1. Restricting to the range A:5-25, give me the number of residues that are surrounded by fewer than 17 Cβ atoms within 10 Å (Cβ to Cβ) and touching a residue at least 24 places away in the same chain (Cβ under 8 Å).
2. Output the residue which, of all residues in the range B:79-98 that are touching a Cys at 6+ places or on another chain (Cβ under 9 Å) and in contact (Cβ under 8 Å) with a residue 60 or more places away in the chain, is nearest to B:Ser141 (Cα to Cα).
3. Residues of the range A:70-97 being more than 23 Å from A:Met1 (Cβ to Cβ) and either among the acidic types (Asp, Glu) or crowded, with 23+ Cβ neighbours inside 10 Å (or both), which ones?
4. Considering only residues that are open to solvent by 50 Å² or more (accessible area, probe 1.4 Å) and either part of a loop (DSSP other than H, G, I, E, B) or out of contact with any Pro (no Cβ under 9 Å at 6 or more places or on another chain) (or both), which ones fall in the range B:266-284?
5. Which one is nearest to the other protein chains (Cβ to nearest Cβ), of the residues in the range A:32-62 that are more than 19 Å from B:Tyr68 (Cβ to Cβ) and in contact with a Lys or Arg (Cβ under 6 Å, 6 or more places away or on another chain)?
6. Would it be correct to say that A:Phe104 is of a type in the set (A, V, I, L, M, F, W, C) and out of contact with any helix residue (DSSP H, G or I) (no Cβ under 9 Å at 6 or more places or on another chain)?
7. Go over the candidates A:Glu62, A:Glu126, A:Glu42, A:Glu115 one by one and state the one that is of a type in the set (D, E, K, R) and at pLDDT below 95.
8. If you take the residues of the range B:249-265 that are polar (S, T, N, Q) and either under 27 Å from A:Ser61 (Cα atoms) or surrounded by 18 or more Cβ atoms within 10 Å (Cβ to Cβ) (or both), which of them is farthest from the chain's Cα centre (by Cα)?
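The values are calculated or read from the model by the stated rules, or taken from the named source; none is laboratory data. What you see is a predicted model, and the numbers here were worked out from it, not measured in a lab. With ideal geometry, Cβ positions are generated from the backbone for all residues, glycine too; neighbour counts draw on all protein chains shown. All accessible areas refer to the heavy atoms of the entire protein, side chains included, with ligands and DNA or RNA removed. Shrake-Rupley method; radii C 1.70, N 1.55, O 1.52, S 1.80 Å.
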There are 2 protein chains.
Amino acid sequence: MKITAEIAVNDGTLYKVEHESTFTKTLMKVNVFIPKVIKQSEKIPFILYLSGLTCTPDNASEKSMIIYFASLKNLAVVLPDTSPRGAGIEGEDDNWDFGTGAGFYVDSINKPWNENYNMYSYINTEIFQLINDNFPIIDTSKCGITGHSMGGYGAIMMHLRNEGKFKSCSAFAPISNPSIVPWGEKCFGNYLGNDKTKWEEYDPCCLIKKINKDRKGDILIHVGDKDVFNYRDNQLRCENLVEASKGTNWEIDLNVVKGYDHSYYFVSSFMKDHIEWHYNRLNK
Amino acid sequence: MKITAEIAVNDGTLYKVEHESTFTKTLMKVNVFIPKVIKQSEKIPFILYLSGLTCTPDNASEKSMIIYFASLKNLAVVLPDTSPRGAGIEGEDDNWDFGTGAGFYVDSINKPWNENYNMYSYINTEIFQLINDNFPIIDTSKCGITGHSMGGYGAIMMHLRNEGKFKSCSAFAPISNPSIVPWGEKCFGNYLGNDKTKWEEYDPCCLIKKINKDRKGDILIHVGDKDVFNYRDNQLRCENLVEASKGTNWEIDLNVVKGYDHSYYFVSSFMKDHIEWHYNRLNK
């Protein structure tokens, strides 16, 4: 792991990191924020923030205010990238909603993507190893996961698939039922192939019904009622997750907020609520 | 004036505005944030934020956290652009630190720039007219002025030149003595010509000694000790303003903050302090 920049922010430090990934077989960038730590002897929890389509680790670091609100609660923040970059696959840069910047947090099984597009294992395994090995101040057993849009889907999906791994989960405008919307159909179809039973393994609306029936949980979601990807394009379908959760032990705390769109202005406006949600559950 | 976007953020609204300027003879963009107003009968003060080299109104709107902290104090925020754009002058787009994105907040007297590059009057006159005519909720007699880098210089210079116009002034990493540093020499030389007495009319270190001797004031400044434009390139010279203020009634509250650079990570980290500085003076 190489630290390429060390930036003072909100009394703490943002580390820009690069490392060779075994899962994507490419150089991956990660941003890691460490707040000002009062007691050096204590390890601190962290928030794993998964970004949306087209984003690098920098977008949310600069615009979401997650660093500011995390710093107030003495939480670290880890912001991975959204796909391999420069894998050298033909067509990888042709679409903004597929390929580069659009890894969709799955392990690809379809050629030619399966060599590099393994963002599920990259996030779920390698990011945790990277933090364990290089940032001993962070307690990786105390992780809250969140994200925006494709990253909101990623956060919910990761949480549902990994019982006990994440202590809290929230999402901003998540793609909640990817199997039945254009963004998901494009990415799942290319990365996972035509067998839709494979898609169900990553779709929050399918997962919430299939996972351990005794498992309880709650997920905080905000989405704007002027989010064009929701009300116009029907890409998000947050209501479907509420519907799918009926009859389970899961509480989906869906807040449709008036006037807000899909941008970081929306994300930053509700970041305080999300950080408090995670803080309360991480410190139980 | 045309509103091109209306974005919900931090309980208020960010208006993206375009208007034809009589001073720059170009279409100018401005961002205006109006917080959630409780008492509709009361006008509210505003912060005028001048941006740095290369910036549009969007950079600070997205990254400086000024909207968040202003919203907490019920302050409006006005964010103008940093130069005319598309004036059609040969060479206007050739440099990042001169021409487009680098109006340097002066009224040019040198051809060919004097037709359009009149950012001093644009900010000092036209922006106030625009707000008066279109945002009656804002009390333009209650303005605090601030800015970053070139905009920090602009804020201090505007405040010193206009007794009584601004109720408070602060700056982030301001170019404090532009007459003697490369950025200032390039812009002043081109916009104002070779007669350096013309440059002094815009240089905070010259102005603070020459203005009304009885006039009192205070200016809050933060600058990072890892700001390469300061410690390496000597472009800022904030200490020169402290030195120039000796023997005057002006207090320059210069804070050299450890570890911080020149980026919006730095600006956002001290925005809370600056908004409180303005709030206290605007509500006297």
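1. Number of matching residues: 3.
2. B:Thr82
3. A:Glu90, A:Glu92, A:Asp93, A:Asp94, A:Asp97
4. Taking the range B:266-284 first, the residues open to solvent by 50 Å² or more (accessible area, probe 1.4 Å) are B:272-273, B:276, B:279-281, B:283-284.
Those that are open to solvent by 50 Å² or more (accessible area, probe 1.4 Å) and either part of a loop (DSSP other than H, G, I, E, B) or out of contact with any Pro (no Cβ under 9 Å at 6 or more places or on another chain) (or both): B:Lys272, B:Asp273, B:Glu276, B:Asn280, B:Arg281, B:Asn283, B:Lys284.
5. Taking the candidates together, the pick is A:Pro57.
6. Numbers: of a type in the set (A, V, I, L, M, F, W, C): yes; out of contact with any helix residue (DSSP H, G or I) (no Cβ under 9 Å at 6 or more places or on another chain): no.
It is false that A:Phe104 is of a type in the set (A, V, I, L, M, F, W, C) and out of contact with any helix residue (DSSP H, G or I) (no Cβ under 9 Å at 6 or more places or on another chain).
7. Values: A:Glu62 fails: at pLDDT below 95; A:Glu126 fails: at pLDDT below 95; A:Glu115 fails: at pLDDT below 95.
That would be A:Glu42, the only listed residue that is of a type in the set (D, E, K, R) and at pLDDT below 95.
8. Let us first name the residues in the range B:249-265 that are polar (S, T, N, Q), namely B:249, B:255, B:263.
Restricting the remaining residues to those that are either under 27 Å from A:Ser61 (Cα atoms) or surrounded by 18 or more Cβ atoms within 10 Å (Cβ to Cβ) (or both) gives B:255, B:263.
Working: B:Asn255: 19, B:Ser263: 16 Å.
Only one residue fits best here, namely B:Asn255.
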